[in-house]
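Heads up, the thing below is written out as structure tokens.
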Amino acid sequence: MLSKKTKYGLKALTYLASVDCKEPVQIAEIAKHENISQKFLESILLTLRRNGFLGSKKGKGGGYYLIREPKEILMTSVIRVLEGPIAMVPCVSLNFYEKCDDCPDENKCSVHKLMLQVRDSALEVYRNTTLADLIS
């Protein structure tokens, strides 16, 4: 299940990508428009800024803005930054692999086989979807 952090992060990015002017947008405006707690949104936007999706400007006229074009922002990157591993179980994760304690042989595990298919399907969608696709 998608966490609220990721859901709200996607909503905030989509809002920033869809505003006509490319000036910084205040957190309060995003929070109000997307019905997100401002305090929670601050934390999410900081994470996105630290990971190279957003820039910020302090003071009057300040706020957050995209530092890359929406067509350059892949959902795989956003999901991994906000959600963590894309795989539902660690034994099929590409970037966060861990062997399951209760599984003697991954090659014979029915759960492993199913989760590989789920991971690959999700990756197919995320790799082929950009922020631009979400606003069009």
Tell me, in nm to one decimal, what length is gained between residue 81 and residue 3 on full extension, where the rule is 0.36 nm per residue of separation less the Cα-Cα distance?
-> 26.9 nm
State the answer as a single residue: which of 35, 126, 2 lies farthest towards the positive end of the charge dipole of the chain, with beta carbon charges of +1 for Lys and Arg and -1 for Asp and Glu, about the Cα centre.
-> 35
For the chain, the accessible surface attributable to carbon and sulfur atoms (probe 1.4 angstrom, ligands and nucleic acids excluded) amounts in percent to 51 percent
Count charges around residue 133 for me, please; just the other residues with Cβ under 14 Å from its Cβ, Lys/Arg as +1, Asp/Glu as -1.
-> -1
Any lysines with Cα under 25 Å of the residue 58 Cα? List them, leaving off those in the same chain fewer than 8 positions away.
-> 5, 11, 22, 32, 39
In a shell of Cβ-Cβ distance under 13 Å around residue 43, excluding residue 43 itself, what net charge do Lys and Arg (+1) and Asp and Glu (-1) give?
-> +4
Which net charge results for the neighbourhood of residue 56, defined as the other residues with beta-carbon distances under 15 angstrom from its beta-carbon, given Lys and Arg at +1 and Asp and Glu at -1?
-> +4
Kindly report the accessible area of the chain per residue (heavy atoms of protein chains, probe 1.4 Å, no ligands, DNA or RNA), in Å².
-> 63 Å²
How much length, in nm to one decimal, is gained on full extension between residue 29 and residue 132, taken as 0.36 nm per residue of separation minus their Cα-Cα distance?
-> 35.0 nm
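The values are calculated or read from the model by the stated rules, or taken from the named source; none is laboratory data. Predicted, not measured: the structure shown is a model, and the values here were computed from it. Neighbour counts are summed over all protein chains in view; Cβ atoms, including those assigned to glycine, are modelled from backbone coordinates with ideal geometry. Side chains included, ligands, DNA and RNA excluded: accessible areas come from the protein's heavy atoms. Shrake-Rupley method; radii C 1.70, N 1.55, O 1.52, S 1.80 Å.
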